[in-house]
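The values are calculated or read from the model by the stated rules, or taken from the named source; none is laboratory data. Bear in mind the structure is a predicted one, so any value in this text is a computation, not a measurement. For neighbour counting, all protein chains shown are included, and Cβ atoms are generated from backbone atoms with ideal geometry for every residue, glycine included.
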Amino acid sequence: NLALKSPEPRPGILDIAAYVPGRERAPGVAKVHKLSSNETPLGASPRAIEAFQRTAFNLERYPDGQARVLKEAIAAVHGLNPANILCGNGSDELLGLLCHTYLGPGDEGIVTEHGFLVYKIQITAAGGTPVTVREADARVDVDAILAAVTERTKIVFIANPANPTGTYIPVDEVRRLHARLSAGVLLVLDAAYAEYVRRNDYEAGIELVSSNCNVVMTRTFSKIHGLAGLRIGWMYAPRQVVEAVDRVRGPFNLNAPAIAAGAAIRDQAFLAAAVEHNLVWLARVSEALTAIGLRITPSVTNFVLIHFPETGAKSAEEADAFLTGRGFILRAVSAYGFPNALRMTIGSQEANEGVIAALTEFMGRK
Ligand code: PMP
């Protein structure tokens, strides 16, 4: 009834800009390559699919509220204690649970200029205030974060590697950041893209979590594991953090098919092939796009940020329309502070070659 008014949401809720997922459709185009959500082109492991299918015969049962087999599989693969693991309905859910557990009205959460939007949304939803700090050269800037810390700071979020830039900061920088934060500030290392990184000076954060009480690392099955549709995330955290967040978590936050499929993480051959495919195509796409005059932010992930010329009729918006017309759906990233760039997920050979050809034409290089 439009004549009556619904109750007012809590202060701050209506300031939140709802998260807008990557587009899926290109109107009028039969064959679409969706390169807008950093999903893998290789699908899920056949073992995960089999495990998923088997759960169809027990759907009348609630899932295991502790997701035990999943935690055990994750713990075994990463050499961790299952008691330090908490699973979520995607890592998105865990990011929210962390905010709701550690933040309230009057508290501040630090995020970076081009950081993943869910941090800000969840800090605000928990009643806290997001404090945004600048980045240096599309990379997390540790000094800028440290300068923004106040006595009200409760949580600091960094994605390492970061989305949508694809950049990372070396483990020494993360250690330096942690060393200067007080024990009362929770440092969240979002390592959604960790598996793709092949650098000697990178660490997802396992070591830092193991040896401290105020560091948490979040991970996901949505990217390299190819299970975005099942929504599986996990965090590795100190016992006290796991036990606190567990009180806030919904009783059956992971569904049974997700728990079963996720436990197939032990299929390491599948992962190795996915890493290899990405390494080859990340390099080829980055080189080809640079060769046609586009600037690429050097990426260590499964996506690249493509910057379009500041002048002339070759804007990101025009490129987006041009690509969409040919069935290639990339991600506009103006909400992340890049009004003239598009983020492209590394896809199949066909998709990657198709985007390179289309952008070559768009840039008038053909
Ligand atoms: N963190 C980052 C940096 C991401 O890019 C994403 C995926 N968009 C997520 C977290 C959330 O992943 P999921 O909820 O699918 O685990």
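Of the candidates 191, 179, the single residue that is within 14 Å of the ligand (Cβ to nearest atom) and either modelled with pLDDT of 95 or more or not hydrophobic (A, V, I, L, M, F, W, C) (or both) is 191.
Note on region 144-237: enclosed strands (runs of 3 or more DSSP E) holding 3 or more residues that are farther than 22 Å from residue 269 by Cα and more than 15 Å from the chain's Cα centre (by Cα) are 153-159. If you go through region 345-355 and keep only what is surrounded by fewer than 18 Cβ atoms within 10 Å (Cβ to Cβ) and touching a residue at least 40 places away in the same chain (Cβ under 8 Å), you end up with 348, 349, 350. Beta carbons closer than 6 Å, at least 6 apart along the sequence or on distinct chains, pair a first residue in region 89-101 that is within 25 Å of residue 257 (Cα to Cα) with a second that is in a helix (DSSP H, G or I) and within 7 Å of the ligand (Cβ to nearest atom) for 92/118; 95/118. The criterion of at least 3 residues that are at pLDDT 95 or above and within 25 Å of residue 95 (Cβ to Cβ) is met by the following strands (runs of 3 or more DSSP E) wholly inside region 248-366: 303-307, 341-345.
Entry remark, region 1-37: residues being at positive phi and surrounded by 10 or more Cβ atoms within 10 Å (Cβ to Cβ) number 1 in total. Scanning region 56-69 for residues that are away from the ligand (no atom under 16 Å from the Cβ) and either in contact with a Phe, Trp or Tyr (Cβ under 9 Å, 6 or more places away or on another chain) or in a loop (DSSP other than H, G, I, E, B) (or both) yields a count of 8. Here is the figure for region 199-230: residues that are crowded, with 18+ Cβ neighbours inside 10 Å, within 21 Å of residue 161 (Cβ to Cβ) and within 12 Å of the ligand (Cβ to nearest atom) total 11. Does residue 79 fit the bill of being at positive phi and away from the ligand (no atom under 12 Å from the Cβ)? So residue 79 fits the description; yes. Against the condition part of a helix (DSSP H, G or I) and surrounded by 24 or more Cβ atoms within 10 Å (Cβ to Cβ), how does residue 86 come out, does it pass? Considered against the rule, which asks whether it is part of a helix (DSSP H, G or I) and surrounded by 24 or more Cβ atoms within 10 Å (Cβ to Cβ), residue 86 comes out as no.
Looking across region 331-349, the residues that are closer than 16 Å to residue 299 by Cα and within 18 Å of the chain's Cα centre (by Cα) come down to 331, 333, 338, 342, 343, 344, 345, 346, 347. Selection of first residues in region 225-241 that are in the same structural domain as residue 255 (by TED's automatic domain parsing) and of a type in the set (Lys, Arg) and of second residues that are more than 14 Å from the ligand (Cβ to nearest atom) and not in a loop (DSSP other than H, G, I, E, B), restricted to Cβ pairs under 8 Å at least 6 apart or on distinct chains, gives the following pairs, ordered by first then second residue: 239/83; 239/84. For region 130-142, a residue qualifies if it is part of a loop (DSSP other than H, G, I, E, B) and without any contact (Cβ under 8 Å) to a residue 60 or more places away in the chain, and the qualifying residues are 134, 135, 137, 140, 141. From the list 115, 127, 96, the lone residue that is in the same structural domain as residue 247 (by TED's automatic domain parsing) and either more than 16 Å from the ligand (Cβ to nearest atom) or assigned to a strand (DSSP E or B) (or both) is 127.
Residue-wise test of (1) within 14 Å of the ligand (Cβ to nearest atom); (2) in the same structural domain as residue 194 (by TED's automatic domain parsing); (3) in a loop (DSSP other than H, G, I, E, B); (4) within 21 Å of the chain's Cα centre (by Cα).
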{"residue": "24", "(1), (2), (3), (4)": "no, no, yes, yes"}
{"residue": "29", "(1), (2), (3), (4)": "no, no, yes, no"}
{"residue": "36", "(1), (2), (3), (4)": "yes, no, yes, yes"}
{"residue": "50", "(1), (2), (3), (4)": "no, yes, no, no"}
{"residue": "54", "(1), (2), (3), (4)": "no, yes, no, no"}
{"residue": "71", "(1), (2), (3), (4)": "no, yes, no, yes"}
{"residue": "74", "(1), (2), (3), (4)": "yes, yes, no, yes"}
{"residue": "91", "(1), (2), (3), (4)": "yes, yes, no, yes"}
{"residue": "106", "(1), (2), (3), (4)": "no, yes, yes, no"}
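Within region 238-247, the residues that satisfy the criterion of being part of a helix (DSSP H, G or I) and either of a type in the set (A, V, I, L, M, F, W, C) or surrounded by 18 or more Cβ atoms within 10 Å (Cβ to Cβ) (or both) are 241, 242, 244, 245.
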